[in-house]
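The values are calculated or read from the model by the stated rules, or taken from the named source; none is laboratory data. Computed from a predicted structure; not experimentally measured. Here the Cβ is made from the backbone with ideal geometry for all residues, glycine too, and neighbour counts use every protein chain on show.
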Amino acid sequence: MRILIATDKFKGSLTGPEVAHALASGLSGHTVDSIPVADGGEGTVDAAIAVGFSEYHASVTGPTGESVNARFAVNGSEAVIEMAAASGLDVLPGGTPAPLRASSRGTGELIVAALDAGCTRITIGVGGSANTDGGAGVLAGLGARLLDVDGRDLPDGGAALAKLASVDVSGLDPRVATCEIVLAADVDNPLLGTRGAAAVFGPQKGATDADVATLDAALAHYVGVLASAVPAAAEHAEAAGAGAAGGVGFAALVLGAHREPGATVVQKLTGLAARIDASDLVITGEGSLDEQSLGGKAPIGVARAAVAASVPVIAVCGRTTLSESVLRDAGFAAVYALADLEPDVRKSMAGAAELLRRIAETINTDSVRLTQGVSS
């Protein structure tokens, strides 16, 4: 039997490739193919490297000004970057949130690193961001200057944008104009208002109600000022996806990017459809299979692709909060959760690799039953 393992990370425990390796160790007597998948956020670079991209590294400015070693992937003239590697919650010093001053500057610098590597097509995987700065840091990292009323450069961060007086884009890296930028983002939120970056995602980054109000007002002011230099800015602020990653979506759109669902981007990158067609069974999954997963996370995308190809698909996860009927409607023939073997969350996360191996042994036993009546 040909089994394809196409799994996302188990956040806080194992990367996508580590999940696949653990599962493969428990499968015997089968031909196993594995590729990591992602929803356009963390894990996207892993997926690119798995299909032949080369791993690159760049020293960039972290979300609160510290130096961060961020990796990205390059294949010829194409690059894949993850903003989480440069501007993410996971690279905050000590993991301490800084909702008012966290910046996306490092993501702009990572784009420069990709341009320096000769890339003319850059996919930006967004997700896990620490900032709510409207992508002002991205623009600054690419050479734009954000100035106060005295002509001085503003401090980084969303709150400082309340004092923005002008934006000088004359120093913006000219290579951006001839580069195709893909914003890999599932969210369709605008930049401002009750569905905007600050209101919806700010609390996840440590923002209080007062912080949210401060950030949303500062972002609105920023859009108005930026529109003087880039007239289409106001229109871009209302576009679907502008609120992604604390407003990095907005900056990407200002730079001429087009948005694609993150899971779709990764599926294209890895040639997922062809690999499903060549399989008799597909195993996918992520750490938590829940309501958020249904909004376009990687395992649901894999399940849909498998169902379309009439290939049975099963999920493995740390836990699931979804009912059997919802999981069945999503296309899964079966779901295996680590929590069923080890209900203690800390022990489950620490021992995830061994638990996944045990689950794979169960899948091994169940595989014939799971594929009965379905042909690839």
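When SER87 is tested against (1) buried (at least 19 other Cβ atoms within 10 Å of the Cβ); (2) of a type in the set (S, T, N, Q); (3) more than 20 Å from ALA252 (Cα to Cα), exactly one condition is not met: (3). Count of region 153-163 residues, restricted to those that are surrounded by 21 or more Cβ atoms within 10 Å (Cβ to Cβ) and assigned to a loop (DSSP other than H, G, I, E, B), is 3.
In region 242-265, the residues that are farther than 20 Å from PRO63 by Cβ reach residues that are of a type in the set (Ser, Thr, Tyr) and at pLDDT 95 or above with C-beta atoms within less than 7 angstrom, at least six apart or across chains, in these pairs: VAL265/THR123. Inspection of region 279-288 identifies no residue that is free of Cβ contacts under 8 Å to residues at least 60 places away in the same chain and among the charged types (D, E, K, R).
Could you say whether any residue in region 209-218 is surrounded by 15 or more Cβ atoms within 10 Å (Cβ to Cβ) and touching a strand residue (DSSP E or B) at 6+ places or on another chain (Cβ under 8 Å)? Checking region 209-218: not a single residue is surrounded by 15 or more Cβ atoms within 10 Å (Cβ to Cβ) and touching a strand residue (DSSP E or B) at 6+ places or on another chain (Cβ under 8 Å). Annotation: VAL311 fulfils all but one of (1) more than 26 Å from the chain's Cα centre (by Cα); (2) over 19 Å from GLN292 (Cα atoms); (3) in a helix (DSSP H, G or I); the unmet one is (3). The condition (being crowded, with 23+ Cβ neighbours inside 10 Å and closer than 19 Å to ASP33 by Cα) is satisfied by just one residue among LEU269, LEU255: LEU269.
For SER87, the stated conditions do not hold, so it cannot be described as out of contact with any Phe, Trp or Tyr (no Cβ under 6 Å at 6 or more places or on another chain), without any contact (Cβ under 8 Å) to a residue 12 or more places away in the chain and outside the structural domain of GLY351 (by TED's automatic domain parsing).
Total residues in region 103-141 satisfying the condition of being assigned to a helix (DSSP H, G or I) and either hydrophobic (A, V, I, L, M, F, W, C) or without any contact (Cβ under 8 Å) to a residue 12 or more places away in the chain (or both): the figure is 11.
When THR270, THR214, THR264 are screened for being of a type in the set (Ser, Thr, Tyr), more than 27 Å from GLY295 (Cα to Cα) and in contact with a helix residue (DSSP H, G or I) (Cβ under 9 Å, 6 or more places away or on another chain), only THR214 passes. Scan region 321-338 residue by residue and report those that are under 16 Å from ILE363 (Cα atoms) and among the hydrophobic types (A, V, I, L, M, F, W, C). Passing the criteria: PHE332, ALA333, ALA334, VAL335, ALA337, LEU338. Selection of first residues in region 165-177 that are within 23 Å of LEU219 (Cβ to Cβ) and modelled with pLDDT of 95 or more and of second residues that are of a type in the set (Lys, Arg) and surrounded by 15 or more Cβ atoms within 10 Å (Cβ to Cβ), restricted to Cβ pairs under 7 Å at least 6 apart or on distinct chains, gives the following pairs, ordered by first then second residue: ASP168/ARG145; GLY171/ARG145. So if I check each of SER279, SER325, SER288, SER348, which one is among the hydroxyl-bearing types (Ser, Thr, Tyr), in a loop (DSSP other than H, G, I, E, B) and either in the same structural domain as ILE111 (by TED's automatic domain parsing) or on the phi < 0 side of the Ramachandran plot (or both)? The conditions single out SER279. Within region 181-222, being charged (D, E, K, R) and without any contact (Cβ under 8 Å) to a residue 40 or more places away in the chain holds for ASP209, ASP216. When SER325 is tested against the conditions (1) within 24 Å of LEU294 (Cα to Cα); (2) in contact with a Leu (Cβ under 8 Å, 6 or more places away or on another chain), the lone failure is (2).
So that you can scan it fast, the table gives a plain yes or no per residue for (1) assigned by TED's automatic domain parsing to the domain that holds VAL316; (2) in contact with a strand residue (DSSP E or B) (Cβ under 6 Å, 6 or more places away or on another chain); (3) of a type in the set (Phe, Trp, Tyr); (4) surrounded by fewer than 22 Cβ atoms within 10 Å (Cβ to Cβ):
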{"position": "ALA20", "(1), (2), (3), (4)": "yes, yes, no, no"}
{"position": "GLY26", "(1), (2), (3), (4)": "yes, no, no, yes"}
{"position": "VAL32", "(1), (2), (3), (4)": "yes, yes, no, yes"}
{"position": "VAL80", "(1), (2), (3), (4)": "no, yes, no, no"}
{"position": "THR96", "(1), (2), (3), (4)": "no, no, no, yes"}
{"position": "ASP116", "(1), (2), (3), (4)": "no, no, no, yes"}
{"position": "GLY128", "(1), (2), (3), (4)": "no, yes, no, yes"}
